[in-house]
Amino acid sequence: MRQNWPERLWLVRHGQSQGNVARDAADAAGHHEIAIDVRDVDVPLSELGHRQGEAAGRWFASLPANERPEVILASPYLRAKQTAELICKAGALAGGPARTIIDERLREREFGVFDRLTTAGIRARFPEEAAHRTRLGKFYHRPPGGESWADVILRLRSMLNTINLHYCNRRVAVVCHQVVVLCMRYILEELDEQQILAIDKQSEVLNCGICAYEFEPDAKGLCVPELVLWNYGAPLETEGTAKTSAPDALAGSR
């Protein structure tokens, strides 16, 4: 028995968004604000992001039918929904309707007053808060009106309970955001603050990078999540699609 875990769980970061592109441009120019005129929830994929989503979908669709996802869940943010839809359209799901189940608990971390600001902008407009974040560390720092990583983890524990309740012994793909992927690792592998921040520091999570867990019982009958893929970008390499990994939000600090 898998003790109510799914058979396999994939975590997929959304494809490159127009927000990723705008943030890179703002950072390169030393601007304080990211030039994009829609809410973070409404930021769409870039043209490259669409190609990345299609490539990821074809990779899932190439798996044997008994190994493909049966269910796909996604953040309500447009870039994640678009990525999930592209994966579905590629024929990635094994049986059942090719539709995305949206859950707001998978949304991007909320940045409050830091929204749309680059790192330089945060330091210029909120110097005391920037200093407080440096002292406290980004895992626990909560910008005014926003969330800390610990806040995201709290809602994701609830999300995992729902997955275990409704999708026990099924193959589940989740399309979400960089910090959400990292916080899922924190929960599933029972990491501590230093361990997850060390993983975060090693490299950015790729747009459409794939993380996968298996949940087979061990010799004692205990079901411990096993990480079998991490930041897997081979689907993009195979198709010659550019890999990108810019930070995942309209703010200067994840």
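Every read-out reported here was derived from the displayed coordinates using simple, explicitly stated rules and does not represent laboratory data. Since we're looking at a predicted model, the values are computed, not measured.
Below are the figures for this structure:
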quantity: Fraction of antiparallel bridges per DSSP, the chain only, in percent to nearest 5; calculated: 50
quantity: Segment 150-245 - percent relative contact order, Cα under 8 Å, separation 6 or more; calculated: 21
quantity: Full-extension gain in nm, residue 89 to residue 135, via 0.36 nm per residue minus C-alpha separation; calculated: 12.0 nm
quantity: Crossing angle, helix 193-202 versus the chain [Cα axis fit, 0-90 degrees, rounded to tens]; calculated: 80
quantity: Cα long-axis angle, helix 127-136 against the chain (0 to 90 degrees, to the nearest 10); calculated: 40
quantity: Pairwise Lys count, the chain - Cα closer than 20 Å, eight or more residues apart or different chains; calculated: 4
quantity: Length-normalised contact order of the chain in % [C-alpha pairs under 8 Å, at least 6 apart]; calculated: 32
quantity: For segment 97-166: relative contact order, % (alpha-carbon pairs under 8 angstrom, 6 or more apart); calculated: 38
quantity: Using alpha-carbon coordinates, inclination of helix 78-89 to the longest axis of the chain, degrees; calculated: 20
